[in-house]
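J.: I'd like to ask some things about the structure below.
Each reported figure results from applying straightforward, stated rules to the coordinates on display, with no laboratory input. It should be emphasised that the depicted structure is a prediction, and the values quoted were computed from it without experimental measurement. Heads up, the Cβs are rebuilt from the backbone with ideal geometry, glycines too, and the neighbour counts pull from every protein chain shown.
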Amino acid sequence: MPIESSRAHRRASTPPGSSAAPLRASRGPSPVVPPISISPIRYEQVRNGLVEGFGQMGGYLAAVDAASSERLWALKVYDNQRDPSMEGDVQDVFFRAMTLQADGTLLVENERGGRFIVDTAARTSVPAPDAGTAPLSAGGGGDERP
């Protein structure tokens, strides 16, 4: 239910003089970022890192066998530290874009404008050289999990 509808519903269903719980902000859906295929592997954003057993919701890249759809490995592209005093979902940061570079690396841009170079052969992520001070730090290297 949209926030406006929720407010109207709450006003209509809350008796005068009673206090209703405050509304919480909620983020919209994460951007749809098409996967990139470099035969025989498809690289795609992990849509829900917490459900997958990772330490944060967004910021993960998965390498998937294109023929079998089996996940080969996953990599944290960038860190996303949460402030425990704020609602969690409004702090999640997902990919906004992902492009294949001429040198075979992937350029990932997140919703906050952070840009990261992913070397899929080395399974590493570093801030893009033109990124200046990235809003989120690079996730480093190595597999998060097979």
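J.: In terms of modelled amide H atoms, which long-range or inter-chain residues lie less than 5 Å from the amide H of THR105?
T.: Residues meeting the criterion, in which the H sits 1.01 Å from N, do not exist here.
J.: Taking only C-alpha pairs under 8 Å that are 6+ residues apart, what is the relative contact order of the stretch 31-109 in percent?
T.: Details: 131 pairs, mean separation 20.3, N = 79.
Reported as a whole number, the value is 26 percent.
J.: Can you list residues whose amide H is under 5 Å from TRP73's amide H, if they're 5+ apart or on another chain and H is modeled 1.01 Å from N?
T.: Residues meeting the amide H criterion: ALA63.
J.: Would you please give the residues with an amide H less than 5 Å from that of GLU111, counting only those at least 5 places away or on a separate chain, with H modeled from the backbone geometry?
T.: Sorted by chain and number, the residues that satisfy this are PHE94, ARG96.
J.: Moving to a separate point now. What ³J(HN,Hα) values, in whole Hz, does the Karplus curve 6.51 cos²θ - 1.76 cosθ + 1.60 give for the stretch 105-119 when θ = phi - 60°, with x put for Gly and Pro?
T.: Karplus values, whole Hz, x for Gly and Pro: 7, 10, 9, 10, 10, 9, 5, 9, x, x, 10, 9, 9, 10, 8.
J.: What are the ³J(HN,Hα) couplings of the stretch 93-103, residue after residue, when phi is run through the Karplus curve with 6.51, -1.76, 1.60 and θ = phi - 60°? Round to Hz, x for glycine and proline.
T.: Here the 3J(HN,Hα) series is 10, 10, 5, 9, 7, 8, 9, 7, 8, 4, 7 Hz.
J.: For the stretch 70-83, just list the computed ³J(HN,Hα) in residue order, Karplus coefficients 6.51, -1.76 and 1.60, θ = phi - 60°, integers in Hz, with x standing in for Gly and Pro.
T.: 7, 6, 8, 6, 9, 9, 7, 7, 8, 7, 9, 6, 9, 8
J.: What full-extension length gain, to one decimal in nm, is calculated for GLU70 and THR99 as 0.36 nm per residue of separation minus the Cα-Cα distance?
T.: Contour length minus Cα-Cα distance gives 8.2 nm.
J.: What does the charge count around VAL64 come to, taking other residues whose C-beta lies under 12 Å from its C-beta (Lys +1, Arg +1, Asp -1, Glu -1)?
T.: Here the charged neighbours net out to -1.
J.: Given points 7 Å out from each Cα along the Cα-Cβ axis, report the LEU50 to ALA121 separation in nanometres with one decimal.
T.: Placing both labels 7 Å along Cα→Cβ, they lie 3.8 nm apart.
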